[in-house]
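Peer 1: Below is the structure I would like to discuss, written out as structure tokens.
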Amino acid sequence: MRRIRELSLRARLMLVSAAGLTLGLAAGGILLVAVLGYAQTRSVHSESMDTALGVQRLVDQGSLTNLIPVSPNVQVQVIDAESRVIAVSALADRMVPILYSAELRDLPDGRSVPIPGTRIGYDGEARVVKLTAGPPTAPVRILVARSTDQITQSVHLLRLTLLVIFPLLVALLAAVLWRALDAALSPVDALRSGAEEITGGTREGRLPVPDSRDEIHRLAVTLNDMLHRLDAARARQRAFVADAAHELRSPLTNMRTELEVAQRLPDDTDWPALTDDLLADVQRLSRLVDDLLLLARQDDGTTRAVTSRVERIDLGQLVGETAERYPGVEYRDAGEPLPLSGEPDALARVVANLLDNAVRHRREQVTVSTAADGNQLVIVVTDDGPGIPAADRDRVFQRFTRLDDARARDAGGSGLGLAIVRELVRRHGGTVTLGDAEPGLRVEVRLPAAQDA
């Protein structure tokens with residue numbers, strides 16, 4: 001069994017198919033020989049019964065003669081109750097019955113029994129039919145014997161023929177099957193070769209797709225789709241690492257420069273001011289690391305749904321408390337409870353990120369409001385800044401995207417705020433869209449309201 005497992009798939013399929021073919025042909029050959037032998041035996045029995053019925057009519061009509069006229073290949077005896085032969089055919093024994101007394105007694109009327117052919121001068125085997133005739137007071141028994149040697153020879157010849165033909169037929173079919181398997185598995189070999197070339201770097205990340213529309217074609221298409229997704233994931237990962245390194249470099253460089261300068265400052269330096277600058281860079285670095293960690297968990301599939309601390313909260317109160325931390329931001333309360341089931345920290349971060357962006361790009365005013373719209377709760381943040389062109393409103397939700405890189409980085413933005421907003425809103429089953437505020441930008445977040453128990 002272990003050696004069979006070590007064979008190639010083509011060889012194993014070949015062995016299984018050849019074994020099944022051999023067993024099928026063998027079973028068919030055995031069934032053919034058995035059916036042929038049974039059919040010929042029934043034919044001999046039927047012919048013998050026809051002869052016995054003919055003799056029975058002669059007995060019943062009282063026209064039986066001592067020499068019964070039958071074909072030369074048949075022996076007929078008519079035996080009385082005392083087991084004496086009273087009439088025979090030309091080749092039958094006139095003195096000794098064809099069957100012994102016990103055989104005569106045990107053989108039912110109208111049935112046949114095989115006997116050695118040498119008993120009546122035949123080669124091989126013979127079959128004898130017994131039939132009762134005459135009046136009930138003086139019955140006689142008719143015995144009809146016919147040789148079955150020809151049947152035995154024909155069945156033997158068929159058996160020998162099958163023993164010679166079947167191996168040749170199995171070999172021929174095995175060769176045809178091998179070629180068919182080779183043609184069927186050649187696309188698999190092509191896929192394997194393509195995979196080796198891709199692994200070795202000598203081929204682009206695509207596997208050859210066969211022209212057929214079978215399972216292998218669908219497998220190749222699926223594998224190519226998988227390779228495309230893997231390539232895209234690797235590209236996103238490389239871009240993410242490169243952007244993260246670039247973003248981390250800026251606060252680290254600032255901190256290093258400030259520390260190097262601090263080493264050369266005199267003792268009367270304003271150290272609290274220096275520590276404030278360092279603390280600002282550390283806080284910026286901490287926020288960036290937290291954002292990167294959240295997005296990394298998103299890529300790992302660990303934050304696809306709301307799974308942490310879920311509470312029933314009032315959205316209006318949460319938004320109002322978050323807006324209080326931003327001077328100059330106007331909050332417009334809905335004036336009614338806005339029940340929501342979700343993560344308070346995550347939803348507060350959504351509002352904070354939106355207000356950070358609005359405050360960073362405003363000219364004078366930022367407004368945030370909450371409202372109920374059917375079975376949804378709505379958060380709207382507007383500012384009077386330059387806004388975002390319609391063509392860029394999908395792109396700004398991508399990571400590290402800035403429409404004005406230099407200004408955004410100087411203001412402390414990392415290009416992750418809206419990406420995090422979209423992910424957290426999705427986790428709560430909501431949507432976020434951008435629109436015009438005339439002038440400025442309008443951001444609308446829709447979340448499902450809590451259902452009353």
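Peer 1: Of the residues that make up region 64-73, is at least one hydroxyl-bearing (Ser, Thr, Tyr) and farther than 20 Å from Ala126 by Cα?
Peer 2: yes
Peer 1: Taking region 136-173 on its own, how many of its residues are under 30 Å from Met14 (Cα atoms) and either of a type in the set (Gly, Ala, Ser) or surrounded by 19 or more Cβ atoms within 10 Å (Cβ to Cβ) (or both)? Working first, answer last.
Peer 2: Filtering region 136-173 for residues under 30 Å from Met14 (Cα atoms) gives 158-173.
Of the ones still in play, those that are also either of a type in the set (Gly, Ala, Ser) or surrounded by 19 or more Cβ atoms within 10 Å (Cβ to Cβ) (or both) are 171.
Total satisfying the criteria: 1.
Peer 1: Within region 76-92, can one find any residue that is in contact with a helix residue (DSSP H, G or I) (Cβ under 9 Å, 6 or more places away or on another chain) and either exposed (fewer than 13 other Cβ atoms within 10 Å of the Cβ) or closer than 19 Å to Ser43 by Cα (or both)?
Peer 2: Taking every residue of region 76-92 in turn, at least one turns out to be in contact with a helix residue (DSSP H, G or I) (Cβ under 9 Å, 6 or more places away or on another chain) and either exposed (fewer than 13 other Cβ atoms within 10 Å of the Cβ) or closer than 19 Å to Ser43 by Cα (or both).
Peer 1: Between a first residue in region 257-271 that is in the same structural domain as Asp281 (by TED's automatic domain parsing) and a second residue that is at pLDDT 70 or above, which pairs have beta carbons less than 6 Å apart while being 6 or more apart in sequence or on different chains?
Peer 2: Glu258/Asp277; Glu258/Leu278
Peer 1: Right, next: Quick check: anything in region 82-98 closer than 30 Å to Val33 by Cβ and not aromatic (Phe, Trp, Tyr)?
Peer 2: Checked region 82-98: at least one residue is closer than 30 Å to Val33 by Cβ and not aromatic (Phe, Trp, Tyr).
Peer 1: Kindly indicate whether any position in region 340-360 is in a loop (DSSP other than H, G, I, E, B) and closer than 20 Å to Asp436 by Cβ.
Peer 2: Applying the first criterion (in a loop (DSSP other than H, G, I, E, B)) to region 340-360 yields 343.
Pick out the ones that are also closer than 20 Å to Asp436 by Cβ and you get none.
Looking through region 340-360, none of the residues is in a loop (DSSP other than H, G, I, E, B) and closer than 20 Å to Asp436 by Cβ.
For (1) more than 60 Å from the chain's Cα centre (by Cα); (2) outside the structural domain of Val44 (by TED's automatic domain parsing); (3) within 15 Å of Met49 (Cβ to Cβ), each residue gets a yes or a no:
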{"position": "Asp106", "(1), (2), (3)": "yes, no, no"}
{"position": "Gly134", "(1), (2), (3)": "yes, no, no"}
{"position": "Thr137", "(1), (2), (3)": "yes, no, no"}
{"position": "Leu143", "(1), (2), (3)": "yes, no, yes"}
{"position": "Asp149", "(1), (2), (3)": "no, no, no"}
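Peer 1: Any idea which of (1) in contact (Cβ under 8 Å) with a residue 40 or more places away in the chain; (2) surrounded by 20 or more Cβ atoms within 10 Å (Cβ to Cβ) is the one Gln376 doesn't satisfy?
Peer 2: (2)
Peer 1: Of the residues that make up region 347-364, is at least one closer than 15 Å to Arg312 by Cα, in contact (Cβ under 8 Å) with a residue 60 or more places away in the chain and either in contact with a Ser or Thr (Cβ under 8 Å, 6 or more places away or on another chain) or not β-branched (Val, Ile, Thr) (or both)? I'd like the intermediate steps shown before the answer.
Peer 2: Of the residues in region 347-364, the ones closer than 15 Å to Arg312 by Cα are 347-348.
Still in the running and in contact (Cβ under 8 Å) with a residue 60 or more places away in the chain: 347.
From what is left, the residues that are either in contact with a Ser or Thr (Cβ under 8 Å, 6 or more places away or on another chain) or not β-branched (Val, Ile, Thr) (or both) are 347.
Checking region 347-364: at least one residue is closer than 15 Å to Arg312 by Cα, in contact (Cβ under 8 Å) with a residue 60 or more places away in the chain and either in contact with a Ser or Thr (Cβ under 8 Å, 6 or more places away or on another chain) or not β-branched (Val, Ile, Thr) (or both).
Peer 1: Continuing with this model, one more query. Every residue in region 345-361 that is surrounded by 15 or more Cβ atoms within 10 Å (Cβ to Cβ) and not small (Gly, Ala, Ser), please.
Peer 2: Once the filter is applied, which keeps residues that are surrounded by 15 or more Cβ atoms within 10 Å (Cβ to Cβ) and not small (Gly, Ala, Ser), region 345-361 yields Leu347, Arg349, Val350, Val351, Asn353, Leu354, Leu355, Asp356, Asn357, Val359, Arg360, His361.
Peer 1: Something else about it: How many of the residues making up region 420-452 are out of contact with any His (no Cβ under 6 Å at 6 or more places or on another chain) and part of a strand (DSSP E or B)?
Peer 2: Within region 420-452, residues that are out of contact with any His (no Cβ under 6 Å at 6 or more places or on another chain) and part of a strand (DSSP E or B) number 13.
Peer 1: Identify, please: which residue in region 1-17 is of a type in the set (Gly, Ala, Ser) and not in a loop (DSSP other than H, G, I, E, B) and is, among those, modelled with the highest pLDDT?
Peer 2: Looking at the filtered set, the residue picked out is Ser17.
Peer 1: Determine which member of the set Leu58, Leu36, Leu53, Leu64 is over 20 Å from Pro108 (Cα atoms), out of contact with any His (no Cβ under 8 Å at 6 or more places or on another chain), surrounded by 15 or more Cβ atoms within 10 Å (Cβ to Cβ) and touching a residue at least 60 places away in the same chain (Cβ under 8 Å).
Peer 2: After ruling out the rest, the residue left standing is Leu36.
Table: residues versus (1) modelled with pLDDT of 75 or more; (2) assigned to a helix (DSSP H, G or I); (3) over 26 Å from Arg206 (Cα atoms).
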| position | (1), (2), (3) |
| --- | --- |
| Met226 | yes, yes, no |
| Ala232 | yes, yes, no |
| Ala235 | yes, yes, no |
| Phe240 | no, yes, no |
| Asp268 | no, no, yes |
| Val282 | yes, yes, yes |
| Leu285 | yes, yes, yes |
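Peer 1: Hey, could you check region 99-135 for residues that are small (Gly, Ala, Ser) and touching a helix residue (DSSP H, G or I) at 6+ places or on another chain (Cβ under 6 Å) and say which is surrounded by the most Cβ atoms within 10 Å (Cβ to Cβ)?
Peer 2: Of the residues in region 99-135, the ones small (Gly, Ala, Ser) are 101-102, 110, 112, 117, 121, 124, 126, 133-134.
If we keep only those that are touching a helix residue (DSSP H, G or I) at 6+ places or on another chain (Cβ under 6 Å) as well, we get 112, 124, 126, 133-134.
Working: Ser112: 23, Gly124: 14, Ala126: 25, Ala133: 19, Gly134: 18.
The extreme case among them is Ala126.
Peer 1: Still on this structure: Please give the number of the condition Arg409 fails out of (1) at pLDDT below 85; (2) closer than 24 Å to Tyr326 by Cα; (3) within 43 Å of the chain's Cα centre (by Cα).
Peer 2: (3)
Peer 1: Taking only pairs six or more apart or across chains, which ones have beta-carbon atoms under 6 Å, a first residue in region 142-169 that is within 30 Å of Arg57 (Cα to Cα), and a second residue that is surrounded by fewer than 18 Cβ atoms within 10 Å (Cβ to Cβ)?
Peer 2: Thr148/Glu125; Asp149/Asp123; Asp149/Gly124; Ile151/Gln40
The values are calculated or read from the model by the stated rules, or taken from the named source; none is laboratory data. Because the structure is predicted, anything quoted here is derived from the model rather than measured. Counting neighbours? That spans all protein chains shown, and the Cβs are built from the backbone with ideal geometry, glycine included.
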